[in-house]
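Following: one structure in structure tokens, then a few remarks.
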Amino acid sequence: MLQEELLQKWITDRINDVGKVIYRRSTTLDGWQFKRGYYDAPDQYRYENQEWAPIKVGQQWGSPEQTYWFRKMVRIPDTYKGCKVIMTIELGGGEALLSINGTPYQGIDRNHKSVVLTEHAAGDEQYDILIEAGMEWGEYAGRQLRGLTFEPYTFRGVTLACVNEAAYEYYFDLKTIFDSAVVQNDNDLRQSMLNKVKASLQSIDDYNDDEQIKKARIMLCDSISAIRYARGNGKLLLNGHSHIDTAWLWPLKETVRKCSRTFSTALRLMEQYPQYYFIQSQAQQFEYTKQYYPKLYEQIKTRIKEGRWEPTGGTWVEHDCNLISGESFVRQILLGKRFFMQEFGIEPKVAWLPDTFGFNWIIPQILKKGGYEYFVTNKIMWIYENKFPYDLFTWRGNDGSEILSYFPTSPGAYNGMLTPNEIKATWDNFRQKEQTDELLYQFGYGDGGGGPTAEMLEYAKRLTDLPGMPECATGRADEYFERLRNDIDALPVWDGELYFELHRGTYTTQARNKRNNRKAELLYREAELLSYLARIYGHPYEQETLNNGWKKILLNQFHDIIPGSSITPVYEDSARDYAEVLRTGNDIKSKALKNLESHIDTSGDGKAITVFNSLSWPVTDAVSLVIESDKKYKVVDREGNIVDSQAITEEGRTELVFTAADVPSMGYRVYHMIEEESVPAAVDITVEKEHLENRFFAIDINEKGFMTSIYDKINGRQVLQPDKCGNVLQIFEDKPADWEAWDIDLFYRDKMWEVDELISSEVIAIGPVKGILRMIRRFNKSTITQDITIYNDIPRIDFKTSVDWQEDQKLLKVAFPVDIRATEATYDIYYGAINRPTHWNTSWDKAKFEVCAHKWADLSETGYGVSLLNDCKYGHDIKDNVMRLTLLRAPMWPDPKADRGYHEFTYSLYPHKGSWDQGGTVPMAWQLNAPLTAIVASPHTGSLAAEQSMFSTDADNVIIDTVKKAEDNSDLILRVFEAFGQRGKVGIKCAFNVQSAVECDLLERAQGEDISVQTGSFDVYIKPYELKTFRLKL
């Protein structure tokens, strides 16, 4: 082995000798000038110095805030005539876009320093070069993690050179064959290949003699081709790719520039390598390029039409799949695919989400109904303990839908380096060789973009047929999957979620961002519903404005934004985006409400209160209105019956609260507010510092503010485990081993403090509608304020919470040890529910010590259960009988400000008879998240009745989630889902005449025959957890 090591070193040195003669007639390009300024936003720059100044080799440049521009008029010497001319730019760091004659030409970074100016110089050509350069954000974030500050870059100069094509080709022949030889396990083959490389190199006496180089190259290629070696190492389809995080360790504005650099580089390489195919996802990034780099965009469209640039994925961004709503997933597909189809005439069939942190069980159904046939991801393989058993499989969703799924096996994941070592390892790592002999391999620098290099493509040219190596060819991913589907036999089936055994902290980090997302999703749901109803009565439906709002929501669902794993500026941008989204959504909703209200008969005494319900079942809930503090009102229903109400005044603001009963599904009910003293109603609610009680619950509280007893009076049983306390706020030390914003490690449980410093306890309200006890707690520098609310007519306990959070590396949870025996808990996922173990019997069970759920989690035994609801949280853990909701984190990297400051959220405890589906958990959770909306106006007559349901179903298990206008015409789109796991016929009723109805896919294309409609109603058959979309013509 020593002799072989010496031989390998000798060969490496000789290959480097060949590399030294690749570039000839090298010329240093002096006379560069620079100026600096600020990049405020795409197309918005401020220049610090208007005059250009000279920059010399060795001069420093760069700062975290500034952009630098370098320019020079470059002339190719006459002596370069006939040569391929390379310009090598050594900026010393950073990332840049090089433009020639005012047109973006190529990206410059640590992996892309050389620019081909011409393949065949005429001599005396001139190029007006402008380089726009900025900090390499990812590198800077890494320095911050190590406690280092920004280090300026050093300008190292620019050279021009002719390429010695014979030496260039020979060099990559040598590199590819040598690198392939050293990874061979077969000793004979390895020795044979090394000896042939050695013989070829030894045939050269003078590396500057092109004829010797050419002969040595022929000798090498002929001798390698003569090696007889049995095939069986598979085939790889090489697919150039650049994963560009739409935001992560850089802000959104920098992503716009990253697209220009990466895409221009890909275009230049396509000119140089006709066999090069490039794949790119994310409609948002194409839209950025269209808007800010239109010349570049037209070149991309040309390559797409040619077929070598493959748009894939089809979603608006590569989004998170845990935290977003089902409707958000649909809109990722709808708006993303429509962009691809309108701009490129292409509908992607490959769902491309390589870097997303886990996948909901419903996703196969969404993908299939969104027009996908294949699913690709990498991240699930980042597993320390329970390795996923398949690389290629059929993924079955909770409704039974199936999609062909592929986890690439490259060591570089989606950032393959296309080295012989990686190529061989990709095939060696693949565990299902008996099922297929062809794999997809993605190569190119990514995360921060950049993409493939010329060196990678030189390897690709030579890896087509080497002994002991997989046969490699370049091509399109969609064509690869078509071949795979046609050739492969039955695949193993994975029936369940794709739980990611890392990054569990992303369910909680950056809580304000997650709250904004939940509120925005629900707001746009209501804005679209009300806008369509108002449209029937002549109100304009603001489709473009709504879609623009949705695009901002979708953008902020990128898999490093909503999970909480980006830097501070990303969340500053996100907060501004959400402020605009919420402002626009509320404006559209308000205008639609007012228009709809104007058509309702609200005649009667006093002021009319029209209460709207956006949910598809009748709702009873408390409604609050701001009133003048010096006036007294009573509330009556349409028949004049007095409705229980109470006034609550706090800090100069008075709210009138009343119970709106049985407000019709997706409809409204009119009440009246009359200025006169209301007859005092009987108050059946008790609120004291140590005791709260209503007709549903009796609650005892100890001196620390913990609940020592929650007695369910209706069902006659204790909710809490004996001798345990509920609503215990717990703070844990949260210092994961890696990936601080991303991860929660199991050992967080080892160090915990209870938040037991109760500063004050005060009765805020008590009346016929609700009672409120306010508790204020302190931990270190943080303050937690809770309004514990019980109701007269709602069997739920609310904990409205505000937190001034000033902790570092701490984790806040709330715990309820309940008197329930169950080995599984049920969790809300979009468009369904999933059971997960409450025990740690196996390593697979234990890995799920923190899981994602949406509006609720439930622990039930036969006949009784307890649900923990929330209005904006996602991280849960239920171990044995202890139900916990994760409320806040405080990581230090990559955003040292993450989660510090003020937070608002509500969680609720909902004990119930029966299981979660029998006991009303789903509607109660929705009611917490989508409360009734009221509008007050002067009474008037109208064409609509004073009480009306606009849409409804006759099955409790079927929820109408979405009502919107169709994208291409005035049809109504109605989307429903089955929530309980039941099958059967369901009737859907509309309050207006429906001419026709047809089921459609998620792109709103009709599927099948028209459905029979009778006076606005139609029946359909629905399967467990099935999602159905209908197009209705009114």
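Select from segment 565-589 the residues that are out of contact with any Asp or Glu (no Cβ under 8 Å at 6 or more places or on another chain) and part of a loop (DSSP other than H, G, I, E, B) and list them in ascending order. Scanning segment 565-589 gives a single hit, SER565. Screening the candidates VAL683, VAL687, VAL763 for the property of being surrounded by fewer than 16 Cβ atoms within 10 Å (Cβ to Cβ), of a type outside the set (S, T, N, Q) and touching a Gly at 6+ places or on another chain (Cβ under 8 Å) yields one hit, VAL763.
Against the definition (among the polar types (S, T, N, Q), in contact with a helix residue (DSSP H, G or I) (Cβ under 7 Å, 6 or more places away or on another chain) and not assigned by TED's automatic domain parsing to the domain that holds PRO795), how does SER645 come out, yes or no? Spelling it out, it is not the case that SER645 is among the polar types (S, T, N, Q), in contact with a helix residue (DSSP H, G or I) (Cβ under 7 Å, 6 or more places away or on another chain) and not assigned by TED's automatic domain parsing to the domain that holds PRO795. Listed by first and then second residue, the pairs with beta-carbon distance under 8 Å, at least 6 apart or on different chains, first residue in segment 621-633 and touching a residue at least 12 places away in the same chain (Cβ under 8 Å) and in the same structural domain as VAL643 (by TED's automatic domain parsing), second assigned to a strand (DSSP E or B) and exposed (fewer than 13 other Cβ atoms within 10 Å of the Cβ), are VAL626/ARG653; SER629/THR649; SER629/ARG653. Does ARG257 count as part of a helix (DSSP H, G or I), charged (D, E, K, R), modelled with pLDDT of 95 or more and more than 30 Å from ILE562 (Cβ to Cβ)? No; evaluated as a whole, the condition is false for this residue. Residue count for segment 316-374 satisfying the condition of being among the basic types (Lys, Arg), more than 23 Å from ASN516 (Cβ to Cβ) and outside any loop (DSSP other than H, G, I, E, B): 4. Among the strands (runs of 3 or more DSSP E) confined wholly to segment 774-886, which include 1 or more residues that are without any contact (Cβ under 8 Å) to a residue 24 or more places away in the chain? Counting at least 1 such residues, we get 782-791, 824-829, 832-837.
Residues of segment 804-829 that are touching a helix residue (DSSP H, G or I) at 6+ places or on another chain (Cβ under 9 Å) and either surrounded by fewer than 20 Cβ atoms within 10 Å (Cβ to Cβ) or of a type in the set (Val, Ile, Thr) (or both): THR826, ILE829. Selection over segment 377-401 of residues that are in a strand (DSSP E or B) and surrounded by fewer than 22 Cβ atoms within 10 Å (Cβ to Cβ) gives a count of 4. Once segment 207-259 is narrowed to residues that are aliphatic (A, V, I, L, M) and touching an Asp or Glu at 6+ places or on another chain (Cβ under 7 Å), the residue that is farthest from SER180 (Cα to Cα) is LEU252. Number of residues in segment 872-927 that are closer than 24 Å to ALA822 by Cα and of a type in the set (Asp, Glu) equals 3.
If you go through segment 269-278 one residue at a time, do you hit one that is closer than 30 Å to GLN432 by Cα and more than 28 Å from the chain's Cα centre (by Cα)? For segment 269-278, residues closer than 30 Å to GLN432 by Cα and more than 28 Å from the chain's Cα centre (by Cα): present. Considering only residues of segment 881-908 that are over 22 Å from the mean Cα position of the chain (by Cα) and either small (Gly, Ala, Ser) or in the same structural domain as THR568 (by TED's automatic domain parsing) (or both), which is nearest to ASP787 (Cα to Cα)? Residue satisfying both the conditions and the ranking: SER908. Checking ASN486, ASN421 one by one, the residue that is in a helix (DSSP H, G or I), in the same structural domain as ASN360 (by TED's automatic domain parsing) and at pLDDT below 95 is ASN486 and no other. Out of ASN415, ASN429, ASN421, ASN486, one residue alone is more than 22 Å from the chain's Cα centre (by Cα) and under 27 Å from ASN322 (Cβ atoms). It is ASN429. Where residues in segment 1004-1022 are more than 19 Å from ALA991 (Cβ to Cβ) and surrounded by fewer than 16 Cβ atoms within 10 Å (Cβ to Cβ), which of them is nearest to the chain's Cα centre (by Cα)? Of everything passing the filter in segment 1004-1022, ARG1005 is nearest to the chain's Cα centre (by Cα). Considering the conditions (1) farther than 19 Å from LYS855 by Cβ; (2) of a type in the set (Gly, Ala, Ser); (3) in contact with a Leu (Cβ under 9 Å, 6 or more places away or on another chain), SER328 is excluded by exactly one of them, (1). Of the residues in segment 45-54, not one is touching a residue at least 24 places away in the same chain (Cβ under 8 Å) and either farther than 23 Å from ARG156 by Cα or not assigned by TED's automatic domain parsing to the domain that holds LEU296 (or both). Residue count for segment 648-692, restricted to those that are over 30 Å from SER614 (Cα atoms), part of a strand (DSSP E or B) and in contact (Cβ under 8 Å) with a residue 12 or more places away in the chain: 3. Residues that are out of contact with any Gly (no Cβ under 9 Å at 6 or more places or on another chain) and farther than 15 Å from LEU529 by Cβ number at least 3 in the following strands (runs of 3 or more DSSP E) confined to segment 914-997: 933-937, 984-990. You will find that of ASN993, ASN969, the residue that is modelled with pLDDT under 95 and at negative phi is ASN993 and no other. Among residues of segment 526-548 that are among the charged types (D, E, K, R), none has a beta-carbon under 8 Å from a residue that is modelled with pLDDT under 95 at least six positions away or on a different chain.
The values are calculated or read from the model by the stated rules, or taken from the named source; none is laboratory data. What you are looking at is a predicted structure, and each value in this text was computed from that prediction instead of being measured. As a convention, Cβ positions derive from the backbone with ideal geometry for all residues, glycine included, and neighbour counts pool all protein chains shown.
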